[in-house]
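The values are calculated or read from the model by the stated rules, or taken from the named source; none is laboratory data. Everything numeric in this text was worked out from a predicted model, so none of it was measured. Here the Cβ is made from the backbone with ideal geometry for all residues, glycine too, and neighbour counts use every protein chain on show. When the accessible area is computed, the model is the full protein with side chains, heavy atoms only, and any ligands, DNA or RNA have been set aside. Shrake-Rupley method; radii C 1.70, N 1.55, O 1.52, S 1.80 Å.
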Amino acid sequence: MTQLTHLFAPIKVGNVELKNRMVMLAIGTGYPEPDGTVGDRFSNFCVERAKGGVGLIITPFAPFDMATSIVPGLFDDRFIPGARRLTDAVHAYGTKIAPQFLGQYFWVNKENGSFEFIAPSAVFNKMIGTTPKALTVEEIHRLVDEYGEAGRRTREAGFDAIELPLGIGYLLNRFISPCTNNRTDEYGGSLENRMRFPLEIIDRIHRQAGEDYPIICRVSAEEYMEGGHTLEDSKKVVSILESAGVQAIDVEAGWHECPVPLVVMSVPRGAFVYLAEEIKKVVNIPVVAAYRINTPELAEEILVQGKADLIGLGRALLADPEFPNKAKEGRGDEIRTCIACSNCLDNLLTAYKSWKALPAFCSINPRAGKEAEYTIEPAKVAKRVFIVGGGPGGMEAARIAALRGHQVTLYEKGEELGGQLRVACLPPYKDELNCLIKSMATQVKKAGVEIRLNAEVTPEMVEKKEPDVVILATG
Ligand SMILES: Cc1cc2nc3c(=O)[nH]c(=O)nc-3n(C[C@H](O)[C@H](O)[C@H](O)COP(=O)(O)O)c2cc1C
Ligand code: SF4
């Protein structure tokens, strides 16, 4: 078993100490209340991850009105009470929490109340399939004010830091990148000018939240866009950010619409860690490595090799909020490893096309976003339960029934557990499915389920053995 000493070493981001090196990456969920406030569903989702042991949770909030409840808002004082309840609840588990000031491709124009697509320049946006309007200088100044006010609310709500997203092709990235910024005023042209808007925001947040308030910047170190920033350009960007007082760099890769696959199953685990490694060479502040890191062993290896200071986990914590605690307690084999199917992204990304976002869900963790609904309660009467079929459905039914205290026998006609997943994992690049079989089988065994392989269930056998319940999980 790999020793995970680096993964569980504390670290400081500015003046904030994190208890370990695991950072939950920003994940827009669609779990806020319809009015954009933080309610129980959103809070339960975060608290479950705090309970699971992660060091820092970064979660997106809107710093200005984007007419969406995919993420909660921080663009009005009415958002502070819900956010305060959230930070208190997360802090109870020793986890720190930071809002990501998500500014995507659109806003509600405060001047006239209309919903508009915005950018530095009127350059066609392939992600949303439209040409946005170029923000005026006055509108940029108004946004700087809004980010500053959101910074003040962040501090008042008890958050520990702020993440500013400067990557993946979001609004501020489009200012920084030459491929989408054609401006000829002080916000376009040279790198210094293209960075003016984010730097003004950083300065304003420092003034309104405090000079010492930690700001983490998320940067796409390689944009993989024609005419966009390369790693060498990004090295200059992060050096400027460090000089501006930014306390950590969260390294991501690409843009939503770039031609390079970023997060799907065929992308090798840790494929973009090299970007963090390169960024780390030019700054003296903590660097987060991210994308397709889904095992504690890989996370530890990245830290041991000095390629990054912190490990970003996005979907790994959607799939299994207990990832950190299981790793710490030597129960890594029980981690429900994210298979990178990216179904969790589907509902949210289709919102860019249809403008009807549905809440995120996870293919392998039905409790994601339903933490309060799907609790495992002890059964009032323990029953003898037969489960017919050892595929993912049968294994999950067996695990839950056993955890509730039932006496469970899982029958599988074949010689191994896994069902159709055993076939699904065979094509190239589908090996993550094999990991899912392994982790589900381990969980079933540890839950105390009796497993009968090469065993067919017949009506005669059921009549003879008289179980209380038979669950058919034959697919
Ligand atoms: C459902 C979902 C929503 C996301 N929302 C955001 C977001 O609001 N801001 C952001 O910077 N990244 C967002 N991401 C990207 C993640 O932060 C992360 O970069 C990506 O999932 C790759 O990391 P992973 O392989 O550890 O999941 C989202 C990802 C998912 C799956
Ligand atoms: S839906 Fe798929 S990609 Fe998303 S967290 Fe779950 S397993 Fe991972």
- Item | Positions within region 1-17 being closer than 18 Å to residue 251 by Cα and part of a strand (DSSP E or B), in sequence order | 11, 12, 13
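Condition check ((1) open to solvent by less than 10 Å² (accessible area, probe 1.4 Å); (2) acidic (Asp, Glu); (3) away from ligand 1 (no atom under 13 Å from the Cβ)) across all residues:
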residue: 52; (1), (2), (3): yes, no, yes
residue: 64; (1), (2), (3): yes, no, yes
residue: 70; (1), (2), (3): no, no, no
residue: 131; (1), (2), (3): no, no, yes
residue: 136; (1), (2), (3): no, no, yes
- Query: Inside region 335-394, can you point out the residues that are hydrophobic (A, V, I, L, M, F, W, C), open to solvent by 70 Å² or more (accessible area, probe 1.4 Å) and within 12 Å of ligand 2 (Cβ to nearest atom)?
  - Reply: 361
- Item | Residue in region 81-97 that is of a type in the set (Gly, Ala, Ser), surrounded by fewer than 16 Cβ atoms within 10 Å (Cβ to Cβ) and closer than 23 Å to residue 153 by Cβ present | yes
- Message: Looking at the structure I just gave you, is residue 324 away from ligand 2 (no atom under 11 Å from the Cβ) and assigned to a loop (DSSP other than H, G, I, E, B)?
- Response: no
- Return yes when residue 148 is under 25 Å from residue 289 (Cα atoms), in the same structural domain as residue 259 (by TED's automatic domain parsing) and crowded, with 18+ Cβ neighbours inside 10 Å and no when it is not. no
- Does residue 183 satisfy the condition of being at pLDDT 95 or above and in a helix (DSSP H, G or I)? no
- Task: Could you pull out the residue among 157, 119 that is open to solvent by less than 10 Å² (accessible area, probe 1.4 Å), of a type outside the set (Lys, Arg) and in contact with a Gly (Cβ under 9 Å, 6 or more places away or on another chain)?
- Result: 157
- Selection within region 240-257 - open to solvent by less than 10 Å² (accessible area, probe 1.4 Å) and assigned to a loop (DSSP other than H, G, I, E, B): 246, 253, 254
